[in-house]
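Since the structure comes first, as structure tokens, the remarks are kept for the end.
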Amino acid sequence: MCTGAVGCIMARVAHGSAGEAAASSKRMDATHISSGEPRLLISRSALLHNARLLRQTVAAGVRICAIIKADAYGHGAAIVVDALAERDESGRAAIDALAVACTEEAAALPAVELPILIFRPVEEQFGGRQRASMELAIGRNWTLTVCSAAAAEDVARTAVAMERRASVQIMVDTGMTRSGVDAAAARELVATVQSKPALRLAGLCTHFARSEEAANGMTQRQLAGFLEITDPVVKAAAQRGGRPPLRHAANSAAVFLHPASHLDMVRPGISLYGIDPTGRPSAARKLRPAMKWVAPLLMIRAVRAGTAVGYGQTWTSPRDTRIGLVPVGYADGYLRALSNRASVIVHGQAAPVVGRVSMDLLTIDLGDVPAARVGDDVVLLDDDPLSPASVYALARHADTIPYEIFCRIGPRVRRIVVGAAAESARR
Ligand SMILES: *Cc1c(COP(=O)(O)O)cnc(C)c1O
């Protein structure tokens, strides 16, 4: 961690106990952690709050599949799974299934008794190379996604060789033009899968291209196309008395904006982490951002008016001021595009990021925060949706979306769960 920053090492020496405490206990409360190193505080109670809000938004009986790909959108999959998979007094977890992008991500998850879906389609031409991960998935009964007859045959062959039955789902492309079998070929693929004794058709799914636009007709058209293809499959399964495949389509935006698309299961990602899928804080939905990114003030230096700061001297101080140094840079995922645009929060006050964000360090203007001292915490990404350092604000400054801000946060920033004790006591 922090190999490039001498000051960072100093801070860790000074506050070494924080790291030791974090290592010794998976769940701990923020109040037990002294400052001293950059860290992501992940709120267990916010995750559970968001899951409850999603439960209340869908009808009873609709399952929730938590999307935890890309290390749970940067939040730390182990922390998120630990929170969402825990059973309450009634024996029910906050969510009903988990989904990741690939088998490597599934293999890295803590052991849980929930179905695991893998959304990256099986692709037959990688044959030899994907054999091992396919065997792992079949052995653990993870659901694999297939979009072609050749892929279905490959999975079936592997399953037979293992004397196992493999669970698969078919992704139908209804207009996204990304992964998925073309609508015209979908029924035939269903028939192919159903003809193979080694395959169990666990699900039928599609993905929306613009569900965050409430008034756009595309989602309705995609849904109508999906139902037209899948209704006969579900009816036939019901007539045979078998377990019909689960149908699912809704991402976070569709959960809130297109209730007709909820079907048997919904697939929220960004909303579980407390971010509104429209990319702006919502007045209607009380989602709670689960992530707060903090780092210590490593150094403060007084500078004269006219002093230039950082690479390329892109910012020159218009006044005598104090420049604060924070041990986080673009190598940690604090984007260089935020240079001279974003603000951080110190003592509850916004302080602008001045000069270029470099690989391991960034600089802030503390001219309006006279109380700031070395060792104080700086909030780089705030869990208040209306903060000038909210993920919405950072995404806007970097011309991207909250998803990308989250996913870029690097492995050298420690993820720490907070609020565990308080939450258990309250529930
Ligand atoms: C990422 C993903 C989701 C979740 O989308 P959000 O907008 O984060 O809710 C759902 N389904 C699929 C197939 C995905 O890849």
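Readers should treat all values here as calculations from the given coordinates under stated rules, not as data from a laboratory. Please read these numbers as outputs of a predicted model, since none were measured by experiment. No Cβ is skipped: glycine too gets one built from the backbone with ideal geometry, and neighbour counts run over all protein chains shown.
Ranked by Cβ crowding within 10 angstrom, fewest neighbours first, how are Glu228, Glu113 ordered?
Working: Glu228 12, Glu113 7.
Result, fewest neighbours first: Glu113, Glu228.
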query: Using 7 Å Cα-to-Cβ label points, what is the Glu228/Ala215 separation (nm, one decimal)?
result: 2.6
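Net charge near Ala60, counting Lys/Arg +1 and Asp/Glu -1 over other residues with Cβ under 14 Å of its Cβ?
Numbers: positive: Arg52, Arg55, Arg63, Arg92; negative: Asp96, Asp264.
Summing Lys and Arg as +1 and Asp and Glu as -1 gives +2.
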message: I want to make sure I understand the PRE zone here: with the label point 7 angstrom from the Cα of Arg319 toward its beta carbon, which residues in the range 363-390 have backbone N atoms less than 17 Å away?
response: 364-372
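Counting pairs of alpha carbon atoms under 8 Å apart in space and at least six apart in sequence, what relative contact order in percent does the range 340-427 give?
Values: 100 pairs, mean separation 19.3, N = 88.
That works out to 22 percent.
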query: Whole-Hz Karplus ³J(HN,Hα) for the range 360-369, in order, using 6.51 cos²θ - 1.76 cosθ + 1.60 and θ = phi - 60°, x for Gly and Pro?
result: 10, 9, 9, 10, 10, 8, 9, x, 9, 10
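How many lysine pairs does the chain hold where the Cα atoms are under 24 Å apart and the two sit 8 or more places apart or on different chains?
On the way: Lys26/Lys69; Lys26/Lys292; Lys69/Lys286; Lys69/Lys292; Lys196/Lys235.
So the count of such lysine pairs works out to 5.
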- request: With no solvent and one equal point scatterer placed on each C-alpha of the range 207-338, evaluate the Debye formula and give log10 I(q)/I(0) for q = 0.17, 0.21 Å⁻¹, two decimals.
  value: -0.97, -1.18
- line: If amide H atoms are modeled at 1.01 Å from N in the peptide plane, then the residues at a separation of 5 or more from Thr307, or on another chain, having amide H under 5 Å from its own are Ser317
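According to the Kirkwood expression over distinct Cα-Cα pairs, how big is the hydrodynamic radius of the chain, in Å? Each step should come with its number before you reach the end.
On the way: mean 1/r = 0.0428 Å⁻¹.
Across the chain, the inverse of the average 1/r is 23.4 Å.
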task: For the range 209-222, take each phi angle, set θ = phi - 60°, evaluate the Karplus expression 6.51 cos²θ - 1.76 cosθ + 1.60, and give the result in whole Hz per residue in order, putting x for glycine and proline.
output: 8, 8, 6, 6, 9, 4, 8, 7, x, 4, 4, 4, 5, 5
Note, ³J(HN,Hα) from phi for the range 325-342, Karplus 6.51, -1.76, 1.60, rounded to Hz, x at Gly and Pro: 10, 10, x, 9, x, 5, 5, 8, x, 7, 4, 4, 4, 7, 3, 6, 10, 7
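Could you give the length gained by full extension between Ala237 and Ala308, i.e. 0.36 nm per residue of separation minus their alpha carbon distance, to one decimal place? Could you put the intermediate results ahead of the total?
Numbers: separation 71, 0.36 × 71 = 25.56 nm, distance 7.06 nm.
Length gained between Ala237 and Ala308: 18.5 nm.
Can you give the calculated 222 nm mean residue ellipticity of the chain, where each DSSP H run of n ≥ 4 adds -39,500 (n - 2.57) and the sum is split over every residue, rounded to the nearest 500 deg cm²/dmol? Don't skip to the answer; put the middle values down first.
On the way: 14 runs with 139 residues, N = 427.
Computed ellipticity for the chain at 222 nm equals -9500 deg cm²/dmol.
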- request: For the range 76-135, state which trypsin sites (Lys or Arg not before Pro) are in a DSSP loop and have at most 12 other beta carbons lying within 10 Å of their beta carbon.
  value: Arg87, Arg92
query: When you take every Cα atom in the range 313-409, what is the radius of gyration, and what is Dmax, the widest Cα pair distance, in Å?
result: 12.6, 38
- request: Using only Cα atoms, find the angle between the long axis of helix 183-194 and the longest principal axis of the chain, and express it within 0 to 90 degrees, rounded to the nearest 10.
  value: 70
message: I want to make sure I understand the PRE zone here: with the label point 7 angstrom from the Cα of Asp384 toward its beta carbon, which residues in the range 334-357 have backbone N atoms less than 16 Å away?
response: 343-352
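Using Cα-Cα distances under 8 Å and only pairs 6 or more residues apart, what relative contact order does the chain have, in percent?
Numbers: 902 pairs, mean separation 81.9, N = 427.
19 percent.
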